[in-house]
Structures are given as C-alpha cells and as structure tokens.
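The values are calculated or read from the model by the stated rules, or taken from the named source; none is laboratory data. No experiment lies behind these values; they were computed from the predicted model shown. Please note: Cβ atoms are built from the backbone with ideal geometry, for glycine as well, and neighbour counts cover all protein chains shown.
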Amino acid sequence: MSGLNLVAAATFGVFVAITLAITWWAARHTQSAHDFYAAGSRITGAQNGLAIAGDFLSAATFLGITGLTYLFGLDAVVYVLSALTGLALMTLLIAEPFRRLGRFTLSDVAAYRLRQKPVRAFTAVTSLVVVLFYLVSQMVGAGALIQLLSGLPYAGAVAIIGALMTIYVTAGGMVATTWVQIIKAVLMLIGIAVLAFSTLQQFDFDLLRLYREASAAHALGGRIFAPGAMLDPVSTVSLALALVFGFVGLPHVLMRLYTVPDARAAYHSMLYATLIIGVISAFVFFVIGYGAIPLLADAPGVRDAGGKIVGGSNMVAVHLARVVAGDFFLGFISASVFATILAVVAGLTLAGASALSHDLYANVLRHGQANEQEELRVTRGAALALGVISILLAVLFEKQNIAYMASLVFAISASANFPILILAIYWRGLTTRGALAGGGVGLVTTIALILLGPTVWVEILGNAKPIFPWMYPALFSMPAAFLVTWLVSALDRSPAAEEDRRQFDLQFQQLNS
Amino acid sequence: MNDRTGAAGAPRSGMTGTQRLRFTLAATLAGVYFVLVLVMALFPAGLAATLDDAGTVSVGMIASLVMILLVFVVMGAFVRWIDRRMAGRS
C-alpha cells in the first residue's frame, strides 16, 4: 500500500486543479471583508448544508468511526449519535440567532450584548486554541495517512497540505473554502455510497447475514452488538458530552452560518447538514464498520506479521475499499481522504485567521478603527502565519497521540465556547464577569484535567498513576464552567452588570424584530 | 407577537414561545440521547440482550437506530410546523 496509486494521484490532481481554478475565480470576486469572511452571504442553504456536512466528514470521522466500529462494535455509535444530537441542538438553538446577531466570527455573537473587548479577546483566544489543536491533529494524521497511501515523505505531505490550504484561504477566502468543502463532500458521499453498496453486495444485500458473519469473525463475538468494550462509564458520558456540546461551539462550523443570506437559510442549511450526516453516519456505522469485520478477516495484505491491521485501525475503510471494489476504487477513496483533509484544514485556517484579524486586531487592538483593506491584509498574513506554524507543529508532533489532541478540541469547545455562546443568546442574567470567569474555569479545568489524566500524565510523562483517573474531562469541566458563570453573574451587582442585562433586552428586540 | 414583553414593554423572560418550544425539543432530544448513553455506560448487559435467534440484533442496535430516526422525525416535524407558521404570517 505504500506505493503510489495512479488513480489516487490522478483523482487528487484533478481535485487540486479544479479547486485552484475556483480559488482563482473566487479571488477575482472577493472585494470586501464580507466577501472574504462570509462569501458575501451568497451561498444557498443546500450548498451550505453540504459544506457543513463536509466539515463534519473529516478524515477522522470517516476513517475513525469505521475503525472504532471494526474494533469495538456498538460503542462507536456514541460518535455517530453525539454528532447528530449536536447538530440538532445547533439547528434548534443556535443557527437562527447566531446568523441574526453576528457578522463574521463566533466572537461577534458572544460579545454582542457584553463588553466587547474582554469577551471578544477571550472567545478569540479560545477559538484560536481550538483551531490550532484541531489543525495540528488533522495535519499530523494527514501526513501519516498520505505517507502510507502514496509513499510521499511525511514532511513533504504535510508541506503540500499546508501550502494548498494557505493558497485557498489567502486568495479565495470563504468562497474558495466553501466550494472546496462542497466538492470534497460530494466526493465523500459518492465514495461512501459505493463502499456501502459494494460491502452489502458481498452479503447479497442481507444485513442480518452481514451481522451474523461479523459476530462469528470478531474476537468479541456477539459482544460487538453490546456496549462497554471501549470505555468505562464515566469516560463514555464525558466523551458524549464533549462531542455533543463541543460540536456546537466549533468556530469553523459556526462561521459557515454567515455564508447564507438570512437566518432562515442558516436554519435550513443545518437541516440539510443533519440529513446528510445522519444518512452517511448510519451507512458508515451499520454497514461499512460492521461489514469490514468479516470481509477483512482473511483478506490478503490487510494484516502485518503480528496480525495487526496495516496502518492501524484508521485504515480499515481504506483496506475495505480495495477488498470490495479493487485498486481503482482504493485510489478514489484515498483521493477523497486527501481532499477531505485539505478542505477541513482550509476551513480551520480561515476561522483562525478571522479570530486573529477581525477579533483581536481590528476590534481589540485597533478599537474597531481598522479599515476593511487593512483588516483583510492582516487576515491574509494571519492565514500565512497559521499555515507555517501548523506545518512546523505537525512536523514537531509527528509521533504524538493525535486522537488526544482532537479530544482536547471538543472538550475545550464544550467547556469554554459553548457556555458563553448559549448563555449570551438566551440568559438575561449573564454578565461580562460571569462569562469570563466561567469560560476561564472551563478552559483551565479542561487543560488541567487532560494534563493530569492517564494519556498525558502516565503515557507521555511516564508517571505510575494518573491524578485524574478518566480519559475525558468534559463531564467535570463543562458543569464547572456553567456553575461559575451562573454564580459570578448572579453575584455581580456592578453598574456594568446592569448594563449587560439592559443590552440583553436590546438584543432580544433585535432577535425578534 | 412578542410574548416575552410585559405590560410596560419590559422583557419578562429570556424566550419567546417559539424559542421555548425549540428549547423543549432540544432538551427532549438531548435527554433521550443522554439516557441512552447512561444506559450504555451503566447497564451494558441490558443493551446486549439479543432480539433474534441468531443473536445478531441487540436492543442496543435497535435503540441506536431509533435514536437516529428520532432526530430526523422530530426535526422534520418541527420544520413543517415552522414552515406552516411562517406561511400563515406572510
């Protein structure tokens, strides 16, 4: 599998050529900050739904859920259902008010009725932390995957991904990033549909036969249809909390709500995304993940001498593509995975660059006095800097546990971004002090519990026992953030707090006018 | 109509009727989901019980499928309700 697959190279080459042409076209049509950050709000609900689905369908999602189902069976459903629940909450509670209140970033909404500078600075920093960790984890995974699939050296693969994402963002802004995401989402939809069809075909389209053979082939036997094989109870609930509420606070997904003309289109785009992600996730979990168990059991070239899957469990979907549909389809799936990584990192880079330029530079450092052209210059510079930094960090962290970096992203988003976002929109009693104290506690608690947990404290730092015994911190950090936010806001009797509450009434009128 | 505004024009609560409904739906979905997660976490044997002779379909799989369908059905019904409400206004 380490040799260059010509179909993969050709498909990826065509994808890059088309997306660069779109970037060139987008650059010619990007004149204002509104064009750059929000694609001029000219994307339709259906297109945006595809792009949001594309954001969700990262390589980690497709390859990760397939691999986890293959290894643990039913436990992997936590990932599928958490995403769907998070999408439902985002559709019902966030999409419309978010689109009505903000312009370009998550901080626009968080700071709408609170004191601008401190809240904007805080949410910009948490957005940047989320983006940077997510970016590095995706690029480390991308480098390893491309190295395995194409034979390219790790550093070279990371540099290609980094260079392309920087070009998309600096030249084409949100227009290019959105179309890259849409094209990639279509590629993934085709790939997953063909993979699910070909897998079912191996069992004469008899799903029960597929499950019977999976049960017979797996070491866990019938327990692959029962939970409890992957995580302990506390970690399971904690992971589910992080995935559900963390998804709602992801800055690069939230930014997409500005690309449609109005709040209603934002709402509809979330519905399209939920539908697409729901159907795809169901296929990945119920058909592809379980189908891989019997089909890869005795397939040649899948396992190494030690009996382990070549490339690790994340490569299960890729091996399955070759087994059920041959080398041509393997090439197509591999190219779709490259495209997926590229599209997701481009969206992340844009979100990070926007937090740096629109929030920190234009609104905090320049007190809202920077003109559009100046702000856009800073955005492009920030995107370039993020591209270089993420390439360097990805090379530095090549051997690190990227799954943990990704879990950190969702835990921080759930504990620092989500409480501020939801309370700023719906709770009159929220004050600036409460938001900063609660968000700060959420951020610090998450990072501290991760550092003290089994992965960092024991596996990386080499200590005998973890101080915090569970893998995922959200069960503790998220309630702590909400509790502190409520307590500090409720006790805050300052004139500034009264002004925060008064501003909520104006925000309410804005939302319901 | 703004059902949050009191006699003096001051807001009474943080939500309109539509927002309250949305919160109820969101809380119901999230509640059902987290009950499922808790059952998965605390009583895995209950979800392991099989529903067919071959032992290939478990309560857990059916519960997962129902939850996925629930998201679609509840959200679909809600959209139809919103669409009718908006059409009535225009």
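Output yes when any residue across segment A:34-53 is hydroxyl-bearing (S, T, Y), under 28 Å from A:G312 (Cβ atoms) and crowded, with 22+ Cβ neighbours inside 10 Å, and no when none is. Reasoning before the result, please.
Residues of segment A:34-53 hydroxyl-bearing (S, T, Y): A:37, A:41, A:44.
When the remaining residues are screened for being under 28 Å from A:G312 (Cβ atoms), the result is none.
For segment A:34-53, residues hydroxyl-bearing (S, T, Y), under 28 Å from A:G312 (Cβ atoms) and crowded, with 22+ Cβ neighbours inside 10 Å: absent.
Do we find that A:F62 is aromatic (F, W, Y), out of contact with any strand residue (DSSP E or B) (no Cβ under 9 Å at 6 or more places or on another chain), more than 14 Å from every other protein chain (Cβ to nearest Cβ) and surrounded by 24 or more Cβ atoms within 10 Å (Cβ to Cβ) in this structure? Don't jump to the end; show me each part of the working.
Working: aromatic (F, W, Y): yes; out of contact with any strand residue (DSSP E or B) (no Cβ under 9 Å at 6 or more places or on another chain): yes; more than 14 Å from every other protein chain (Cβ to nearest Cβ): yes; surrounded by 24 or more Cβ atoms within 10 Å (Cβ to Cβ): yes.
For A:F62, the condition - aromatic (F, W, Y), out of contact with any strand residue (DSSP E or B) (no Cβ under 9 Å at 6 or more places or on another chain), more than 14 Å from every other protein chain (Cβ to nearest Cβ) and surrounded by 24 or more Cβ atoms within 10 Å (Cβ to Cβ) - is met.
Out of A:L81, A:L57, A:L106, I need the residue that is out of contact with any strand residue (DSSP E or B) (no Cβ under 9 Å at 6 or more places or on another chain), facing chain B (nearest Cβ under 9 Å), crowded, with 24+ Cβ neighbours inside 10 Å and of a type in the set (A, V, I, L, M, F, W, C). Which one?
Sole residue among the options that is out of contact with any strand residue (DSSP E or B) (no Cβ under 9 Å at 6 or more places or on another chain), facing chain B (nearest Cβ under 9 Å), crowded, with 24+ Cβ neighbours inside 10 Å and of a type in the set (A, V, I, L, M, F, W, C): A:L81.
Does segment A:311-318 contain any residue that is over 15 Å from A:Q202 (Cβ atoms), assigned to a loop (DSSP other than H, G, I, E, B) and out of contact with any strand residue (DSSP E or B) (no Cβ under 6 Å at 6 or more places or on another chain)?
Yes: one or more hits.
Could you check segment A:2-23 and list, in sequence order, the residues that are among the hydroxyl-bearing types (S, T, Y) and at pLDDT 75 or above?
Matches in segment A:2-23: A:T11, A:T19, A:T23.
From the list A:A362, A:A416, pick out the single residue that is over 25 Å from A:Y79 (Cα atoms), touching a Gly at 6+ places or on another chain (Cβ under 8 Å) and buried (at least 20 other Cβ atoms within 10 Å of the Cβ).
Working: A:A416 fails: over 25 Å from A:Y79 (Cα atoms).
The match here is A:A362.
I'm checking my understanding of the structure. Among residues of segment A:224-242 that are surrounded by fewer than 24 Cβ atoms within 10 Å (Cβ to Cβ) and more than 7 Å from chain B (Cβ to nearest Cβ), which one is modelled with the lowest pLDDT?
A:A229
Being within 21 Å of the chain's Cα centre (by Cα), under 24 Å from A:E96 (Cα atoms) and crowded, with 20+ Cβ neighbours inside 10 Å narrows it down to one residue among A:L421, A:L408; which is it?
A:L421
Under 6 Å between Cβ atoms, at least 6 apart or on separate chains: pull out the pairs that start in segment B:27-45 with a residue that is more than 7 Å from every other protein chain (Cβ to nearest Cβ) and end on any residue that is loosely packed, with under 14 Cβ neighbours inside 10 Å and of a type in the set (S, T, Y).
none
Where residues in segment A:369-399 are touching a residue at least 40 places away in the same chain (Cβ under 8 Å) and of a type in the set (G, A, S), which of them is nearest to A:R120 (Cα to Cα)? Break it down stepwise before answering.
So in segment A:369-399, the residues touching a residue at least 40 places away in the same chain (Cβ under 8 Å) come out as A:372, A:375-376, A:379-380, A:383-384, A:386-391, A:393-395, A:397-398.
So of that shortlist, the ones also of a type in the set (G, A, S) come out as A:383, A:387, A:390, A:394.
Values: A:A383: 19, A:G387: 23, A:S390: 24, A:A394: 28 Å.
Taking the candidates together, the pick is A:A383.
Starting from segment A:422-446, keep only residues that are part of a helix (DSSP H, G or I), then list their pairs with residues that are of a type in the set (D, E) whose Cβ atoms are within a distance under 7 Å, requiring at least 6 positions of separation or different chains.
Hits for this filter: A:T432/A:D500; A:R433/A:D492; A:G434/A:D492.
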